[in-house]
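Laboratory data are not the source of any read-out in this text; all were calculated from the coordinates shown. Just so it is clear, the model here is predicted, and its values are computed rather than measured. Positions of Cβ are generated from backbone atoms using ideal geometry, with glycine treated the same way; all protein chains shown enter the neighbour counts.
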Amino acid sequence: MAKLLVINPGSTSTKLAIFEADTLLQEKNIIHESSKDLSVEIETRLNLIRETLAEWNINVEDIDVYVARGGMLHGIKGGTYAINERMLADLRANKYGYHASNLGALLANELKGEKQAYIVDPVVVDEMSEVAKISGHPDYPRRSVWHALNQKAVSRAYCQDNGLKYEEVNLIVAHIGGGISVGAHYKGSCIDVNNALDGSGPFSGNRIGGLAVNEVIDYVLKNNKTKEEYAHYFTHECGLKAHLGTGSGLEVQELIKGGNEKAKLVYEAMIYQICKDIGALAAVLKGNVEAIIITGGFAYDDYLYKAIRERVGFIAEVVRYPGEDEMKALKDGALRVLRGEEKVEIYR
């Protein structure tokens, strides 16, 4: 059976897991400092990965397949992609933007030797229909930046649990976490989804969501920040955090339980906006929706789940797959290729 090393880099962490086929053998979340120097960042993480493998008594030679979280690439269809030089060059240059996930393929490539190495369903998966990409300005088409890995994983899980094929049904999936993406999945492709990073769709724990252009202009003119500072503010300091001082769903839920009426109103506003997006995507799918899937960290909350079900349950059954098991989703993507269930994709 194939032994797989799964690598999932975050800004100040590197998650590792060893699977033998579907069986999890070892897992660890390594916490460390980050560096703006790419070579230092890669070397530091490589050393930590090698140290962890040594702790597990696993040699690099024992690993058959490397699979990493995908980063900021140009828009590609969903699937499992072989790591190649074109991909590595784009990631090294941060050609399409910087994110810690850019390091995944770079780390796997350094470790793999002659073995196979893949990424699976990166955040830039773009399966949007042509009409969905048109915005109000020709220079700024709508971008597809979303929780592709988890949305596709829970879609497949739902279909497997219900004897369906992902490629034959229509689903609406709402990933609700620090960022929120709501996608319309039409027979295996996400044909419309909000940009969960750059500012569209519902506001979330930390992100601003959609905001009128004049209001953005007003904020920019009143403040003296760099582009990077504005980007950080709108994606890390807004949403629930701006209203309530915290972007943590658990903390907001405790505020509500303690009788904080403002927290209750703001939380319900976030839920309201999620439901509006679900309703809009029901129109995209012409009302033909097999199920509405709620996922991400906030999906553990019964209050949120029931509130969404009450508003949009008339469209389709509302189910939930809480959390996001990215390590399993990455492993599953590689195994689908190894088992011949999907063909490996090539990044061009």
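According to the calculation over all Cα-Cα pairs in segment 144-278, the P(r) per 10 Å bin from zero is 12, 36, 30, 17, 4, 0 %.
Comparing Pro202, Pro122, Pro138 in a Gaussian network model of the chain (Cα springs below 10 Å), the most mobile by mean-square fluctuation is Pro138.
Distance from the alpha carbon centroid of segment 334-348 to that of segment 1-55 works out to 22 angstrom. Projected over all directions and averaged, the alpha-carbon convex hull of segment 31-176 occupies 11.8 nm². Between Lys133 and Glu229, the modelled label-to-label distance comes to 3.5 nm, taking each label 7 Å out from Cα in the direction of the beta carbon. Within the chain, DSSP assigns beta bridges of which about 55% are antiparallel (rounded to the nearest 5).
For segment 306-322, putting each phi into the Karplus relation 6.51 cos²θ - 1.76 cosθ + 1.60 with θ = phi - 60° gives couplings of 5, 5, 5, 4, 5, 7, 10, x, 5, 6, 6, 4, 9, 10, 9, 10, x Hz, in residue order, rounded to whole numbers and with x for Gly and Pro.
Using 1/(1 + (r/R0)^6) with R0 = 35 angstrom and r between the beta carbons of Val220 and Ile30, what's the FRET efficiency to the nearest 0.05? E between Val220 and Ile30, to the nearest 0.05, is 0.40. Summing charges over all other residues whose Cβ lies under 12 Å from the Cβ of Leu255, with Lys and Arg as +1 and Asp and Glu as -1, gives 0. The distance between label points at Phe314 and Ala269 comes to 2.5 nm (points 7 Å beyond Cα on the Cα→Cβ vector).
Across segment 329-335, rounded Karplus estimates of 3J(HN,Hα) from the backbone phi angles (6.51 cos²θ - 1.76 cosθ + 1.60, θ = phi - 60°) give 4, 5, 4, 4, x, 5, 5 Hz, Gly and Pro being marked x.
222 nm [θ] for the chain, helices only, -39500 (n - 2.57) per DSSP H run of 4+, per residue, to 500? Mind dumping the intermediate values first?
Values: 12 runs with 136 residues, N = 348.
For the chain, the value works out to -12000 deg cm²/dmol.
Just subtract the alpha-carbon distance of Arg86 and Asp62 from 0.36 nm times their residue separation and send over the number in nm, one decimal. Display every interim value, and only then the final one.
Values: separation 24, 0.36 × 24 = 8.64 nm, distance 2.72 nm.
That pair, Arg86 and Asp62, stretches by 5.9 nm at full extension.
Coupling constants for segment 99-106 follow from the phi torsions by the Karplus curve (6.51 cos²θ - 1.76 cosθ + 1.60, θ = phi - 60°), and in residue order they are 8, 4, 5, 4, 6, x, 5, 5 Hz; glycine and proline get x. Here the contact order of segment 148-323, divided by its residue count and restricted to Cα pairs under 8 Å and six or more residues apart, works out to 24 percent. If R0 is taken as 45 Å, the Cβ-Cβ distance between Ile346 and Glu261 corresponds to a FRET efficiency of 0.25. Amide hydrogen proximity for Arg320: with H placed 1.01 Å from N in the peptide plane, the residues at 5 or more positions away or on another chain lying under 5 Å are Ile294.
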